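Everything below concerns the one structure shown next.
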Amino acid sequence: MLSVDGAAGEGGGQVLRSSLSLAAHLGASVRVENIRAGRGKPGLLRQHLTAVRAAAEVCGAEVAGASLGSRRVVFRPRRPRPGAYRFAVGTAGSATLVAQTVLPMLLEAPGPSVATFEGGTHNPMAPPFEFFAHVYLPRLRDVGFGVKVSLERVGFYPAGGGYFTVTVDPSNTSLRSVDLTSPPRAPRLRALVLQSRLPAHVATRERAALCAGLGLAEDAVVIRTVSSPGPGNAVCVFIEDGDECLEVCAAFGQRGRRAEAVVADVVAQVQRFQRTGVRVGEHLADQLLLPLMRAGGRFCTGPLSSHARTNIELVRSFLGSDAVAVAEKDGVSTVSLPAS
């Protein structure tokens, strides 16, 4: 049985989620200890527990330690099974991160699946649904995976209550290596302001600030009022190169935070990404590792985050030290994975 120290590296929920996906890929049992040991509330929170239970259901796995607050989980997977699934976080915890845990499993199942994920779709502790739909999933399709998504309802923090449906068809899968090392040609920007149960002036002020901060025309900023169980506000900026969405930078409104401060946050993120001159942003860099380990590929990103370094070391611990190669020069990191 493989043993993973959940406190290693970044030490958050990602270690657990990636361990589950890797164990299912290898058909190997894994024990994850010291889960989220460095966090203010260590152990499994609702979001992480949902990921464990979802992985167990898809893989017909035997699991020990699947309870709130648990700091140790033992996961013994069987072969992933296709089917119709529904996984509910029960809080505003990120439903997209739960989806990223089980998607690799469903892509290895012997038939198509439809999975609905409930919880937070726009949570300040995770990339928003727009990143999942417009950045992460298209890269999976580039690799050759047959996967689609539909957002049914937005769930803002702290009320949650959002949900989306992912359709997976492994029979549509034809894997191919991906090269994301070339610099963007002529990136362009557009923005989306989402809000629920807030005064209209919040979104209009955010649009004005986006136009001023990023030099956008007013019609490049779409304001969308959505139906959601609770109030909420998200500002998303799409950085696109031709038909490819390279990055979605996002910031979230909260009580007492001025609209202009929300926009200043997202503008700083956009400018930071633009300075790197790469195709792959900070969040996608660590999330690409598991999809690419089957087909192989390489990408250039900026300085590796603690999340990315932790995921690289985790993949190496499961697949071997040569599973991921990293070259770093002048603030650009080139990450390469051979097909497994």
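The values are calculated or read from the model by the stated rules, or taken from the named source; none is laboratory data. Since the structure is predicted, the reported quantities are computational estimates derived from the model, not experimental observations. Heads up, the Cβs are rebuilt from the backbone with ideal geometry, glycines too, and the neighbour counts pull from every protein chain shown. The area values use the complete protein model at the heavy-atom level, side chains included, leaving out ligands, DNA and RNA. Shrake-Rupley method; radii C 1.70, N 1.55, O 1.52, S 1.80 Å.
Data overview
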| quantity | calculated |
| --- | --- |
| Residue satisfying condition, being over 22 Å from the mean Cα position of the chain (by Cα), surrounded by 17 or more Cβ atoms within 10 Å (Cβ to Cβ) and aliphatic (A, V, I, L, M), within set Leu210, Leu180 | Leu210 |
| Residue list for region 1-48, filter: assigned to a strand (DSSP E or B), closer than 18 Å to Leu290 by Cα and among the hydroxyl-bearing types (Ser, Thr, Tyr) | none |
| Members of region 289-306 found to be closer than 20 Å to His134 by Cβ and touching a helix residue (DSSP H, G or I) at 6+ places or on another chain (Cβ under 6 Å), listed by number | Leu289, Leu290, Pro291, Thr301, Gly302 |
| Some residue of region 66-88 being part of a helix (DSSP H, G or I), touching a Lys or Arg at 6+ places or on another chain (Cβ under 7 Å) and under 16 Å from Thr101 (Cα atoms) | no |
| Any hit, region 259-281, residues being under 18 Å from the mean Cα position of the chain (by Cα) and over 25 Å from Ala209 (Cα atoms) | yes |
| Every residue from region 119-152 that is among the aliphatic types (A, V, I, L, M) and not in a strand (DSSP E or B) | Met125, Ala126, Ala133, Val135, Leu137, Leu140, Val143 |
| Filter result (farther than 10 Å from Cys300 by Cβ and either outside any loop (DSSP other than H, G, I, E, B) or open to solvent by 50 Å² or more (accessible area, probe 1.4 Å) (or both)) within region 319-328 | Leu319, Ser321, Asp322, Ala325, Val326, Glu328 |
| Of residues in region 1-47 being polar (S, T, N, Q) and open to solvent by less than 40 Å² (accessible area, probe 1.4 Å), the one farthest from the chain's Cα centre (by Cα) | Ser29 |
| Hits in region 49-82 - residues which are in contact (Cβ under 8 Å) with a residue 40 or more places away in the chain, open to solvent by less than 30 Å² (accessible area, probe 1.4 Å) and not aliphatic (A, V, I, L, M) | Thr50, Cys59, Phe75, Pro77, Pro80 |
| When residues of region 131-144 are limited to those that are open to solvent by 10 Å² or more (accessible area, probe 1.4 Å) and in contact (Cβ under 8 Å) with a residue 12 or more places away in the chain, the one farthest from Ala250 (Cα to Cα) | Asp142 |
| Unique residue being closer than 19 Å to Ala95 by Cα, in contact with a helix residue (DSSP H, G or I) (Cβ under 9 Å, 6 or more places away or on another chain) and in contact (Cβ under 8 Å) with a residue 60 or more places away in the chain when the list is Leu20, Leu44, Leu16, Leu26 | Leu20 |
| Residue in region 309-316 that is crowded, with 21+ Cβ neighbours inside 10 Å, out of contact with any strand residue (DSSP E or B) (no Cβ under 6 Å at 6 or more places or on another chain), farther than 15 Å from Glu10 by Cβ and in contact (Cβ under 8 Å) with a residue 12 or more places away in the chain present | no |
| So Gly230, is it small (Gly, Ala, Ser) and open to solvent by 10 Å² or more (accessible area, probe 1.4 Å) | no |
| Single unsatisfied condition, Thr116 versus (1) within 26 Å of Arg53 (Cα to Cα); (2) assigned to a strand (DSSP E or B); (3) open to solvent by less than 10 Å² (accessible area, probe 1.4 Å) | (3) |
| Answer residue from region 153-179, given it is polar (S, T, N, Q) and assigned to a strand (DSSP E or B) and is farthest from Val114 (Cα to Cα) among those | Thr165 |
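For every residue, the table says whether it meets (1) among the hydroxyl-bearing types (Ser, Thr, Tyr); (2) modelled with pLDDT under 95; (3) surrounded by 17 or more Cβ atoms within 10 Å (Cβ to Cβ).
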residue	(1), (2), (3)
Ala84	no, no, no
Ala99	no, no, yes
Val102	no, no, yes
Thr121	yes, no, yes
Phe129	no, no, yes
Val149	no, no, yes
Arg153	no, no, no
Phe164	no, no, yes
Ala191	no, no, yes
